[in-house]
Every structure is written in structure tokens, then in C-alpha cells.
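Beneath this line is the structure, given in C-alpha cells, with notes to follow.
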Amino acid sequence: MKDVVISGSGVFTPELTISNEELVASFNQYVDLFNTENAEAIAKGEVAALEYSSCEFIEKASGIKSRHVLYKEGILDPYVMQPVFPKRGEEQLPEMVEMAIVAAREAMAQAGKTAADIDLIICAASNIQRAYPALAIELQQQLGASGYAFDMNVACSSATFGISNAVNAIRGGTAKVVLVVNPEFASPQVNYTSRDSHFIFGDVCTATIIEATDTCTAKNAWKILGMRLKTEFSNNIRCDVSYTDHCHPEVDPDTPFFKQQGRKVFKELLPIVADVILTEMAALHVQPEDLKRLWLHQANINMNIFAARKILGREPEPGEAPLVLDTYANTASAGSVIAFHQNKLGLQVGDKAVLCSFGAGYSVGCLMLEKFS
Ligand code: CO8
């Protein structure tokens, strides 16, 4: 079986940001408008009054302080409460492809690879901007790569499942050098009028180059020692938007949005995450003290501390399980890859680390890594 490495990584970060303060101020204006408009029905008990959001709650419950977005217009307008941006035509690149080009170029430069070297592109993300043709094929054309390309979606585990598909393609002989991109254009799926979830997501794109050790020339490559993937069905994180929506006379106005039972997710998903990582460590004879970094999914600070404690058997030291969700918020499948990209330097050849995603499905993707160069 071929040894395979992550030989490069890249991140595209949108310039625009929204702080908790900005988000909460507009949400609370929306609440005032809603409650004034519905005062009579609220007084009669026919409509529930909306409650204010708070920066203190958001930071304490999630660790999020700010998020990057591709489009800010509309999100902070209490009369709009959603991003507003022009629909792009066939002659224009979709936002996800545009983001992916930037992240891909950084990953390719790190790996010392050009488009001519790439023979498979996987676009793995929680939302794919159109049904077909695959975004990955448009990216392939834009970069000038040959071979083949496809889109896939395993929600928050899209990146790790995408990388595992890349490893399998290399081992199976259908590809030599694979580009995996994770354009997470999450902001349009956020219900900015929902107090429970208006603060959760941000936009970003990550990219990785996956190849066999025998073609790797990168200075900072990580060998994939093992991969453990797990899914278990749950309705607790859901989005119901579908190509069949137009066939139904009444589509629920909440249909396009992300919805979750956050408490249940927290309780049910963490034991699965701990089990997957600990099982993979046991299979590879990796001890907690061997692990120099935990690059974990970035949904919630408390969840990450809990997972790190379970894996290490003690409190994580600062920097051992790096967090990026304070500035990026939850970026779905890209979160653990951003943490990897920003914190992979300063380690020694032979050092081991875990890259793990978890989220909707439920899905958990655990990659056991060892610094190769
Ligand atoms: N401001 C003030 N108070 C609030 C707010 C708010 N914004 N929101 C809720 N509250 C109140 C509640 O009403 C509640 O009040 P009370 O106690 O009086 O009932 C209290 O605060 C506590 O509420 P919760 O129990 O809901 O709060 P939690 O401590 O559980 O925190 C979290 C909420 C942050 C959502 C937390 O539960 C969490 O992060 N859970 C884990 C979720 C998770 O990891 N989900 C993964 C989702 S990501 C994923 O898989 C990708 C999906 C696909 C991507 C889609 C792209 C858009």
C-alpha cells in the first residue's frame, strides 16, 4: 500500500468581517421591529415575542467573536437579515470556484506542484452552489488541470472524507496528485432571524494537495498514517433545501436554512468523536503523549476542550488543540483544515497529530498524521 502525504495546504479568507457586536445590534433591532409589528398578537398570546441575543452568550457558549463573510450587505440590515448579492450568470465564475482558485494556488505552491501535475480535483463542501455541472470540473478548467474532477458533500466532514477519497484514489491507481478544495460559502444558509443560530457560521475556503511519498518534494508534508470514518444518521443537524421544492405548493419558509438541536448534538456527537479517535489511536499504537497537535473541527470551544481532554487524558496545553473559531466562527468542513494550515509549522519529522472533523450526518472523519518532511 502506497504511503500518502498532505504535501500542501491553502486558505482563502474573505476580507469582510462581522463582529458579534455588529451582529447582535442588528438582531436586536430586528427583534424590536418584530415585537412592535406583532404587539397585538403577542399581547393576545397568539405570537411569541422574540428575545434579544447577546455577545456574552455567543462568546461563552461557542467561543466565536467574529466571522468572515463574502457579502456583508443585507446581513446587518434589520429589514433584510440575509446576504444580498447579484446572481451570477453562466459566463461568470460561481463564488465557490472563485474562492477555491485562491486556496488551491496556495496549496499547490506549498506542495511545489503545478496544474499539470494534478489529475484529480475533489470539491468537498457542506453546500454545493449548483447541482451540475460539478464545480470541481469548472475549477479543473480554470486551473488548467487534466484528469477528472467531482463534487461531494458530507457536511462538516466533507474535507476529511474528501481527503480519504483522494488517498484511496492514489492507492487504487486512478490518480497521482489530488487537489481537495472545501469552499464553505455558509452565510447564505444562516437564518439571521434565529437567535439560536444567527451567530454560528462564517465563509472560507481551504485546499490540500494529496500525493504519494514518492512524488513529494514539499518541505512540510504530513504522512497519513491512518483514516477512520464514521457516520450515524441523525436529524439534529439538518437542512431541507431540495431541487424538488418548486413541486410543493407550500414550502416551509425555514427550508433553505441550517437548523440544529445544539444541546443534543453536543451530547450525542462527542462520545462518537472520542470513540473514533481513540479507536484509531489504538489501531496504530499511538499513545496520547505521542500526539503533538489536535486539529479539531471548529464548531464550539467547549466541545473542542472536551474532546481534547478525552483524547489526551488531561487538560490540553495552550496551542495543543488550536482554535480558529474566535475569528472564523464555524466554517463547516474547513475548520479543522484552517487549524492545520495555521499551526502545522514548528514540529519535528516523526511527530504525530490528529486532524478530525465532526458534524451533520452525524459524521466523523479522523486522519492520523505524522510529520514526513
Ligand atoms: N443570545 C442569548 N441567549 C441565547 C441565545 C443568544 N443568541 N441563543 C440561545 N440563548 C439562550 C437559550 O434560550 C437558553 O435559555 P434558557 O436556558 O433560558 O432556555 C440558553 O441561552 C442556553 O441555550 P442552549 O442550551 O441552546 O445553549 P448552548 O450552551 O447549548 O449553546 C450552541 C448553543 C452554541 C449552539 C451549542 O449547543 C453548540 O455549539 N452545540 C454543538 C453544535 C455543533 O457542533 N453543531 C455542528 C454543526 S456544524 C455542521 O455539522 C455543519 C453543518 C452543515 C454546514 C452548514 C453551513 C451553513
The size of the Cβ-based charge dipole (Lys, Arg +1; Asp, Glu -1) of the chain about the Cα centre, to the nearest 20 debye, is 1320
Cα extents of the chain along the principal axes, largest first, in whole Å, come to 71, 53, 35
To the nearest 10 degrees, the tilt of helix 301-312 (Cα long axis) against the first principal axis of the alpha carbons of the chain is 30
Loop-resident chymotrypsin sites (Phe, Trp or Tyr not before Pro) in region 231-307 with no more than 14 other Cβ atoms inside 10 Å, DSSP not H/G/I/E/B, are Phe233, Tyr243
Reduced to Cα centres, the span from region 193-241 to region 270-339 in Å works out to 13
Measuring from its Cα centre, region 246-373 shows a charge dipole (+1 at each Lys and Arg Cβ, -1 at each Asp and Glu Cβ) which, in debye to the nearest 20, is 180
Between the residues Asn343, Gln82, Val31, the Cα farthest towards the positive end of the dipole of the chain, that dipole coming from +1 and -1 charges on the beta-carbon of Lys, Arg, Asp and Glu, is from Asn343
In degrees, nearest 10, the alpha-carbon axis of helix 262-283 is tilted away from the dominant principal axis of the alpha carbons of the chain by 10
Taking a crude spin-label model, label points 7 Å out from Cα along the C-beta direction, the Gln342 to Glu73 distance in nm is 2.9
Calculated from DSSP helices alone, with each H run of at least 4 adding -39500 (n - 2.57) and the total divided by the residues of the chain, [θ]222 nm to the nearest 500 comes to -10000 deg cm²/dmol
Straight-line reach check, Lys264, cutoff 16 Å on alpha carbons, 8 or more apart in-chain or any other chain, hits among aspartates and glutamates -> Asp196, Glu232
With the dipole of the chain defined by +1 on each Lys or Arg Cβ and -1 on each Asp or Glu Cβ, the option from Leu323, Val251, Ser234 whose Cα lies farthest towards the positive pole is Leu323
Given a Förster distance of 30 Å, the FRET efficiency implied by the Cβ-Cβ spacing of Arg238 and Arg105, rounded to the nearest 0.05, works out to 0.30
As straight-line cross-link partners of Lys219, the qualifying lysines (C-alpha separation under 21 Å, not fewer than 8 residues apart within one chain) are Lys2, Lys113, Lys176, Lys292, Lys344, Lys352, Lys371
With R₀ set to 35 angstrom, the calculated FRET efficiency between the beta-carbons of Ala116 and Asp351, to the nearest 0.05, is 0.65
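Multiply the residue gap between Glu59 and Val251 by 0.36 nm, knock off their C-alpha separation, and tell me the result in nm, one decimal place.
65.7 nm
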Residue by residue through region 161-166, the couplings from Karplus 6.51 cos²θ - 1.76 cosθ + 1.60 with θ = phi - 60°, in Hz, x for Gly and Pro, are 5, x, 5, 5, 5, 5
Between Glu90 and Phe34, the two model label points (7 Å from Cα along the beta-carbon direction) sit apart by a distance in nm of 4.0
Counting only residues 5 or more apart in sequence or on a different chain, those whose built amide H sits under 5 Å from that of Ser234 are Gly361, Tyr362
Checked against the positive end of the charge dipole of the chain (+1 on Cβ of Lys and Arg, -1 on Cβ of Asp and Glu, about the Cα centre), the farthest of Gln129, Phe358, His68 is Phe358
Taking N as the number of residues in region 1-153, the ratio of its alpha carbon radius of gyration to 2.2 N^0.38 Å works out to 1.45
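Every number here is computed from the coordinates shown, using simple stated rules; none is lab data. Predicted model, so just to flag it, every value in this text is computed and none were measured. Glycine gets a Cβ as well: all are built from the backbone with ideal geometry, and neighbour counts include every protein chain shown.
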